[in-house]
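Notes for the one structure printed next.
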């Protein structure tokens, strides 16, 4: 959903269909708000445990629209970080974040830069 929100043109149209937004009747403007509402419902008290965590890692030196980053923070509660993305240190930081957020259930998301 975060990638969809930043996509445009054919990529956004393809993601809209693939992610089921067409069949759900969502327009591109409604996706971030719908995601925020869905996450809020998932976090409601229940007998089940569910953890929701989002992050965007932006390559050092890459420019991203501030409006997009604010949308990620606001609607997706995403952490925004920058990293080289081409070294082992960046890879380790991402894998450590995932391991921490999943309480060790996913130890390694990425194998190489």
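Summed over the stretch 93-107, the residues that are under 15 Å from the mean Cα position of the chain (by Cα) and loosely packed, with under 15 Cβ neighbours inside 10 Å give a count of 1. Of 46, 28, all but one fail to be at pLDDT below 90 and in a loop (DSSP other than H, G, I, E, B); the exception is 46.
Based on this model, can you work out whether residue 110 counts as more than 15 Å from the chain's Cα centre (by Cα), over 18 Å from residue 1 (Cβ atoms), loosely packed, with under 14 Cβ neighbours inside 10 Å and not assigned by TED's automatic domain parsing to the domain that holds residue 3? Talk me through it step by step, then tell me what you get.
Working: more than 15 Å from the chain's Cα centre (by Cα): yes; over 18 Å from residue 1 (Cβ atoms): yes; loosely packed, with under 14 Cβ neighbours inside 10 Å: yes; not assigned by TED's automatic domain parsing to the domain that holds residue 3: yes.
Yes.
Among the conditions (1) over 23 Å from residue 93 (Cα atoms); (2) without any contact (Cβ under 8 Å) to a residue 40 or more places away in the chain; (3) not assigned by TED's automatic domain parsing to the domain that holds residue 90, residue 66 misses just one, which is (3).
Against the condition touching a residue at least 12 places away in the same chain (Cβ under 8 Å) and exposed (fewer than 14 other Cβ atoms within 10 Å of the Cβ), how does residue 53 come out, does it pass?
Values: touching a residue at least 12 places away in the same chain (Cβ under 8 Å): yes; exposed (fewer than 14 other Cβ atoms within 10 Å of the Cβ): yes.
Taking the combined requirement at face value, the residue satisfies it.
Can you tell me which residue within the stretch 60-77, out of those that are within 19 Å of residue 8 (Cβ to Cβ) and touching a strand residue (DSSP E or B) at 6+ places or on another chain (Cβ under 7 Å), is surrounded by the most Cβ atoms within 10 Å (Cβ to Cβ)? Step by step, filter the stretch 60-77, then rank; the result is 72.
Residue check: residue 15 meets all listed conditions (1) assigned by TED's automatic domain parsing to the domain that holds residue 103; (2) in a helix (DSSP H, G or I); (3) in contact with a helix residue (DSSP H, G or I) (Cβ under 6 Å, 6 or more places away or on another chain) but one, namely (1).
The values are calculated or read from the model by the stated rules, or taken from the named source; none is laboratory data. What you are looking at is a predicted structure, and each value in this text was computed from that prediction instead of being measured. Quick reminder, even Gly has a Cβ in these numbers, built from the backbone with ideal geometry, and neighbours come from all protein chains shown.
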